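S.K.: I have a structure I would like to understand better, so I am pasting it below and will then ask my questions one at a time.
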Amino acid sequence: MDQALNLPDRPLAAGKAASSAQKSELAPEKREISGSPIKFFQLIRDFYCSLKRSGFWLYSSWIEVLLSYRSTVLGPLWILIGTLTFVFFVGILYGRVVLNGQSNVYTVHLAVGLTIWLLITQSLVGSCHFFSSNRSDILDGDTNYTDLILKLITKNAIDFLHASPAIVIAFIMAPLMPSSMALVILITLPLMLFNLLWMCTILSILGARFPDLQEFTQSSLRLLFFLTPIMWVAQQHLRGPWVDALLYFNPFYYFIEVIRAPLVYGEIPYFEIAILSVAMPIGWLTACLLYARTRPWLALWL
Amino acid sequence: MESLISAHQLSLRIPVVRNRATSLRTNPLSLLADFYMPRHGKREVRTLIHDLSFEVQDGHRLALIGPNGAGKTTLLRLLAGSVFPSRGTIITRGKVRGLLNVSLGLQGAATGLENIYLRGLSMGFTLAEIRSMVPEIVEFSELGDAIYDSMQTYSAGMRARLAFSIVTARAPNVLLMDEWISAGDKHFVEKAHDRLQAQVSVCRALVLASHSEEVVSEICTHGMVLKSGRMIFYGKVDDALNFYDQMKPSNSPARRVN
């Protein structure tokens, strides 16, 4: 079969268009798409590309939050109001039940735990069906998978920022003053977010292949909300092998504790930070491996 | 002359789930089975593209011709890079853009202006580029002050005009198109046609999948006839159209309008 015919260009029927035809300058881009196995660190490379063109995911996550509250009067303040109401009423009741009303720490404990928990659940449940709900962007558009993951995280981070004043208000209501140890969250918050990012990556890939994952994640996170010390406090005298096992095998305990311990209790949670620091490279390597194996198939599963 | 697109031994195999044919009479339980085991079908692998090799040179405009399900859209998605080949390689040079879905990513609740930014960013333009494109898009789409209103208040024609104006605001080096796109009322259709032709003449290569032989013979220089994922002809566009005409069974109505 003749594959490289060198024929003269056909003149266009619309003479006007053809006469003004000044060929566009060739952009220096060169792309090679290959069916051979994808490189191991493709995930990192794709994230890097997404960070270089950050406009899309930043703006589209922003507009998504904006649109979902556009017709309301109070707008995204509803996120804060919802969190505050929960913290206030549950704080009054459970503060008496859990800590016998002896401590004013409870509301702050609850506020910090709840806002981080909301960030975690929304990101994880969202990522399970995120690729399939953005199917047309993937198939017909110029969107990278990593663009979409960053869009999801950014959207939930915006929600988180709107919920976090609840923490400040809880501190004032208590009243408590965070100690200088609270500055540790400048390290632990990014640590938590980077761990969340690999989890979202893995879940969004698996969720594209197994739609059941969303139901599974949803129901297990509902259970984990009660198993994680958010509404309750892991007091020393209540601990035993069972409680410890439930705590230390629960990944989200670490996510919350690395932020809550310095912020609320003024302690540096060395053990929890160590676990997350070890989990991060392992998680990212797993995500890289999974991404390299599945990226050619992802679009076809949707 | 280096080619802008070169595909080498391209194949695409995809996993599909085939549901078993069920009959209530032979298997009354199938009603329950469908409900509780909705994916009890068989997984199999289907080959959509078979071993395609071709080159698109600078200045060539290639038409993908073939019946429904021949793999035209799939091939465009492969070239756009949204679907990855199972085997083989595609090398593209220059800025490649697919106009595969014109109204992609438009948010009904957002204003027209916000949609320009949203779509522009997703097509990879920078904010500064989009800012310079906005007046031109507003003018071309003839929306005027309606650009500040929510898209929900737009008529279908207004939406289509806006979508068209955004995606065709800048010409890429290589343009991939699924059917010749068009929008709006008669006056706008002519305007859209002119703009698209101007784009085609500016861009260095075009791949167009189309059923309209008029459009194909007017626009394209080369034609590739596809049939169930295989390339059965590649050559000059008139030869390709003739080949495709002969290929069609004689009892089907003739497509070519003379």
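The values are calculated or read from the model by the stated rules, or taken from the named source; none is laboratory data. Note that the structure is predicted; figures quoted are calculated from it, not measured. Ideal geometry is used to build each Cβ from the backbone, glycine not excepted, and the neighbour counts take in all protein chains shown.
S.K.: I need a count of the residues in segment A:68-87 that are in a helix (DSSP H, G or I) and at pLDDT below 90. Let's see the steps before the verdict.
M.R.: The first filter runs over segment A:68-87 and keeps only residues in a helix (DSSP H, G or I), leaving A:68, A:77-87.
When the remaining residues are screened for being at pLDDT below 90, the result is A:68.
The qualifying residues number 1.
S.K.: Hey, could you check segment A:267-293 for residues that are surrounded by 17 or more Cβ atoms within 10 Å (Cβ to Cβ) and of a type outside the set (A, V, I, L, M) and say which is nearest to the other protein chains (Cβ to nearest Cβ)?
M.R.: This residue is A:Y291.
S.K.: Is it the case that segment A:90-111 has a residue that's more than 8 Å from chain B (Cβ to nearest Cβ), in contact with a Lys or Arg (Cβ under 8 Å, 6 or more places away or on another chain) and at pLDDT 80 or above?
M.R.: yes
For every residue, the table says whether it meets (1) within 14 Å of chain A (Cβ to nearest Cβ); (2) modelled with pLDDT of 85 or more; (3) buried (at least 19 other Cβ atoms within 10 Å of the Cβ); (4) over 17 Å from the mean Cα position of the chain (by Cα).
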{"position": "B:G184", "(1), (2), (3), (4)": "no, no, yes, yes"}
{"position": "B:A205", "(1), (2), (3), (4)": "yes, yes, yes, no"}
{"position": "B:S217", "(1), (2), (3), (4)": "yes, yes, no, yes"}
{"position": "B:F233", "(1), (2), (3), (4)": "yes, yes, yes, yes"}
{"position": "B:K236", "(1), (2), (3), (4)": "yes, yes, no, yes"}
{"position": "B:P249", "(1), (2), (3), (4)": "no, no, no, yes"}
{"position": "B:S252", "(1), (2), (3), (4)": "no, no, no, yes"}
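S.K.: Among the residues of segment A:125-150 satisfying the criterion of being facing chain B (nearest Cβ under 10 Å) and assigned to a helix (DSSP H, G or I), which is farthest from the chain's Cα centre (by Cα)? Explain how you work it out, then say what you get.
M.R.: If we filter segment A:125-150 for residues that are facing chain B (nearest Cβ under 10 Å), which is where we start, we get A:134, A:136-144, A:147.
Cutting the leftovers down to assigned to a helix (DSSP H, G or I) gives us A:136-140, A:147.
On the way: A:S136: 22, A:D137: 19, A:I138: 19, A:L139: 23, A:D140: 25, A:D147: 12 Å.
Selected residue: A:D140.
S.K.: Enumerate the strands (runs of 3 or more DSSP E) found wholly within segment B:46-130, keeping only those where 3 or more residues are farther than 20 Å from B:H222 by Cα. Show your work before the answer.
M.R.: On the way: elements: B:61-65, B:87-93, B:96-99.
Ranges flagged: B:87-93.
S.K.: Select from segment B:53-103 the residues that are facing chain A (nearest Cβ under 10 Å), more than 22 Å from A:R295 (Cα to Cα) and aliphatic (A, V, I, L, M) and write down the one among them that is surrounded by the fewest Cβ atoms within 10 Å (Cβ to Cβ).
M.R.: Ranking the qualifying residues of segment B:53-103, first place goes to B:V102.
S.K.: Follow-up question, since we're still on this one. Kindly indicate which of B:A171, B:A192 is closer than 30 Å to B:S212 by Cα, within 14 Å of another protein chain (Cβ to nearest Cβ) and either in contact with a strand residue (DSSP E or B) (Cβ under 9 Å, 6 or more places away or on another chain) or surrounded by fewer than 21 Cβ atoms within 10 Å (Cβ to Cβ) (or both).
M.R.: B:A171
S.K.: Working carefully through the options A:E257, A:E272, find the one that is farther than 21 Å from A:Q122 by Cα and touching an Asp or Glu at 6+ places or on another chain (Cβ under 6 Å).
M.R.: Numbers: A:E257 fails: farther than 21 Å from A:Q122 by Cα.
Result of the check over A:E257, A:E272: A:E272.
S.K.: A further question follows. Only one of A:S68, A:S61 is touching a residue at least 40 places away in the same chain (Cβ under 8 Å), under 30 Å from A:N134 (Cβ atoms) and small (G, A, S). Can you tell me which?
M.R.: Working: A:S68 fails: touching a residue at least 40 places away in the same chain (Cβ under 8 Å).
Being touching a residue at least 40 places away in the same chain (Cβ under 8 Å), under 30 Å from A:N134 (Cβ atoms) and small (G, A, S) holds for just one of A:S68, A:S61, which is A:S61.
S.K.: Also, quick follow-up: Looking at (1) at pLDDT below 90; (2) of a type outside the set (A, V, I, L, M); (3) in a helix (DSSP H, G or I); (4) under 30 Å from B:G124 (Cα atoms), find the lone condition where A:T154 falls short.
M.R.: (1)
S.K.: Now for a different question. With more than 21 Å from A:E32 (Cβ to Cβ), of a type in the set (A, V, I, L, M, F, W, C) and touching a helix residue (DSSP H, G or I) at 6+ places or on another chain (Cβ under 6 Å) as the only criterion, which of B:A70, B:A109 stands out?
M.R.: Numbers: B:A70 fails: touching a helix residue (DSSP H, G or I) at 6+ places or on another chain (Cβ under 6 Å).
The conditions single out B:A109.
Table: residues versus (1) modelled with pLDDT of 85 or more; (2) in contact with a Gly (Cβ under 8 Å, 6 or more places away or on another chain).
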site: B:L4; (1), (2): yes, yes
site: B:L10; (1), (2): yes, yes
site: B:P28; (1), (2): no, no
site: B:F35; (1), (2): no, no
site: B:R46; (1), (2): yes, no
site: B:D51; (1), (2): yes, yes
site: B:I65; (1), (2): yes, yes
site: B:T74; (1), (2): yes, yes
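S.K.: Additional query: Which helices (runs of 4 or more DSSP H) sit wholly inside segment A:207-296 and have at least 2 residues that are within 21 Å of the chain's Cα centre (by Cα) and more than 26 Å from A:S164 (Cα to Cα)?
M.R.: On the way: elements: A:212-227, A:241-248, A:251-260.
Counting at least 2 such residues, we get A:212-227.
S.K.: Condition first: touching a residue at least 60 places away in the same chain (Cβ under 8 Å) and surrounded by fewer than 20 Cβ atoms within 10 Å (Cβ to Cβ). Now tell me which residues in segment A:127-152 satisfy that.
M.R.: Those that are touching a residue at least 60 places away in the same chain (Cβ under 8 Å) and surrounded by fewer than 20 Cβ atoms within 10 Å (Cβ to Cβ): A:H129, A:S132, A:R135.
S.K.: Pick from segment B:219-231 the residues that are surrounded by 17 or more Cβ atoms within 10 Å (Cβ to Cβ) and of a type in the set (G, A, S): which of them is farthest from the other protein chains (Cβ to nearest Cβ)?
M.R.: The qualifying residue farthest from the other protein chains (Cβ to nearest Cβ) is B:G229.
S.K.: Looking at segment B:109-128, is at least one residue more than 7 Å from chain A (Cβ to nearest Cβ), free of Cβ contacts under 8 Å to residues at least 60 places away in the same chain, hydrophobic (A, V, I, L, M, F, W, C) and under 22 Å from A:L51 (Cβ atoms)?
M.R.: yes
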